[in-house]
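Asker: The structure's right below; bear with me while I get my questions together.
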Amino acid sequence: MLNIKNLKVSVENKLILNDLNLKINPGEVHAIMGPNGSGKSTLANVLSGKKGYEIQGEILFDELNINDISVEERAQKGIFLAFQYPVEIPGVNTNVFLRTSLNSIRKSKGEKELDTLTFLKLIKEKAKELGIDEKFLSRQLNVGFSGGEKKKNEILQMKLLQPKLSILDETDSGLDIDALKIVADGVNSYKKKDNAFLIITHYQRLLDYIKPDFIHVLSKGKIVKTGSAELALELEKSGYKNL
């Protein structure tokens, strides 16, 4: 599904990712951990298509090189990014935003767009699964939402859009234990044999609820260690100082 080969990423001639290689197959959950400044969020941004980076190497998604493909095209092909800090968009209704996003993806696949009533029935079902109060759906996108509400809204988008590859950039940041469990349950309920997850996190606690198949440690722009779920426990005890 995702195959990153010798990826180098720079910003204003400063090298952030250096010869990074990573392969994610359908049905797998990968987690990336590492100290601040190691390049974790840069990797998430580059995979989602954010501009402003100088890129060398290959990013293959379903065997297609997506280096020069826009954010919108990547989303239509099935790449989803849940932000560490979801943005507030005043004046944009949450329901309208979600319906527009879903219909854009459906249109790109040659599928019929959902009418208002069909969409509202669907979004209410998805919101209920995540314990999201319906009143939030009629508010401006993320405006006045707590950190936990914003993160749950991101997972709602993921379950609605049904991407092939979901990238969660420190989704656990700022969540209390109840919100963390709801977010994790939302992720776990979407795990399938034909989709995959890349979870970026500082802490082991999220991985108590979302069990990764592989954990990669990113340091100074490179993956320096890969292991099973037990690696997160080792890092929790010893930290990153010995990497």
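Asker: Quick one: which of 133, 194 is charged (D, E, K, R) and under 18 Å from the mean Cα position of the chain (by Cα)?
Answerer: One residue alone meets the criteria, 194.
Asker: Looking at the range 173-199 only, could you name the residues that are free of Cβ contacts under 8 Å to residues at least 60 places away in the same chain, over 25 Å from residue 72 (Cβ atoms) and in contact with a strand residue (DSSP E or B) (Cβ under 9 Å, 6 or more places away or on another chain)? Working first, answer last.
Answerer: Filtering the range 173-199 down to residues free of Cβ contacts under 8 Å to residues at least 60 places away in the same chain leaves 174-188, 190.
The next check asks that each one be over 25 Å from residue 72 (Cβ atoms); those that pass are 174-185, 188.
Scanning the range 173-199 gives a single hit, 183.
Asker: What helices (runs of 4 or more DSSP H), lying completely within the range 18-119, carry at least 2 residues that are farther than 24 Å from residue 147 by Cβ, over 13 Å from the mean Cα position of the chain (by Cα) and of a type outside the set (Val, Ile, Thr)?
Answerer: By residue number, 71-77, 94-108.
Asker: Continuing with this model, one more query. Is it the case that residue 179 is more than 18 Å from the chain's Cα centre (by Cα), in a helix (DSSP H, G or I), crowded, with 17+ Cβ neighbours inside 10 Å and not hydroxyl-bearing (Ser, Thr, Tyr)?
Answerer: No: the conditions fail for residue 179.
Asker: Given the conditions (1) over 22 Å from residue 76 (Cα atoms); (2) surrounded by 15 or more Cβ atoms within 10 Å (Cβ to Cβ); (3) modelled with pLDDT of 90 or more, and given that residue 226 satisfies all but one, which numbered condition is not satisfied?
Answerer: Against the list (1) over 22 Å from residue 76 (Cα atoms); (2) surrounded by 15 or more Cβ atoms within 10 Å (Cβ to Cβ); (3) modelled with pLDDT of 90 or more, residue 226 comes up short only on (2).
Asker: Which condition number in (1) touching a residue at least 60 places away in the same chain (Cβ under 8 Å); (2) closer than 30 Å to residue 39 by Cβ is the one that residue 129 fails?
Answerer: Every listed condition holds for residue 129 apart from (2).
Asker: Sticking with this structure for a sec: From (1) within 21 Å of residue 153 (Cα to Cα); (2) in contact with a strand residue (DSSP E or B) (Cβ under 8 Å, 6 or more places away or on another chain), pick out the condition that doesn't hold for residue 58.
Answerer: Tallying (1) within 21 Å of residue 153 (Cα to Cα); (2) in contact with a strand residue (DSSP E or B) (Cβ under 8 Å, 6 or more places away or on another chain), residue 58 fails exactly one: (1).
Asker: State whether the residues of the range 137-154 include one that is of a type in the set (Lys, Arg), touching a Lys or Arg at 6+ places or on another chain (Cβ under 9 Å), surrounded by 14 or more Cβ atoms within 10 Å (Cβ to Cβ) and outside any loop (DSSP other than H, G, I, E, B).
Answerer: no
Asker: Among the residues of the range 121-135, is there at least one that is among the hydrophobic types (A, V, I, L, M, F, W, C), under 17 Å from residue 87 (Cα atoms) and at pLDDT below 90?
Answerer: At the first step, the residues of the range 121-135 found to be among the hydrophobic types (A, V, I, L, M, F, W, C) are 122-123, 127, 130, 132.
Those still in the list that are under 17 Å from residue 87 (Cα atoms) too: none.
No, every residue in the range 121-135 fails to be among the hydrophobic types (A, V, I, L, M, F, W, C), under 17 Å from residue 87 (Cα atoms) and at pLDDT below 90.
Asker: Out of everything in the range 12-28 that is touching a Lys or Arg at 6+ places or on another chain (Cβ under 7 Å) and crowded, with 20+ Cβ neighbours inside 10 Å, what residue ends up being farthest from residue 226 (Cα to Cα)?
Answerer: Among those that are touching a Lys or Arg at 6+ places or on another chain (Cβ under 7 Å) and crowded, with 20+ Cβ neighbours inside 10 Å, it is 17.
Asker: (1) closer than 30 Å to residue 190 by Cα; (2) touching a residue at least 40 places away in the same chain (Cβ under 8 Å): which one isn't true of residue 53, the others all being true?
Answerer: Every listed condition holds for residue 53 apart from (1).
The values are calculated or read from the model by the stated rules, or taken from the named source; none is laboratory data. Since the model is a prediction, treat every value here as computed from it, not as a measurement. So basically every Cβ, Gly included, is an ideal-geometry build from the backbone, and we count neighbours across all protein chains shown.
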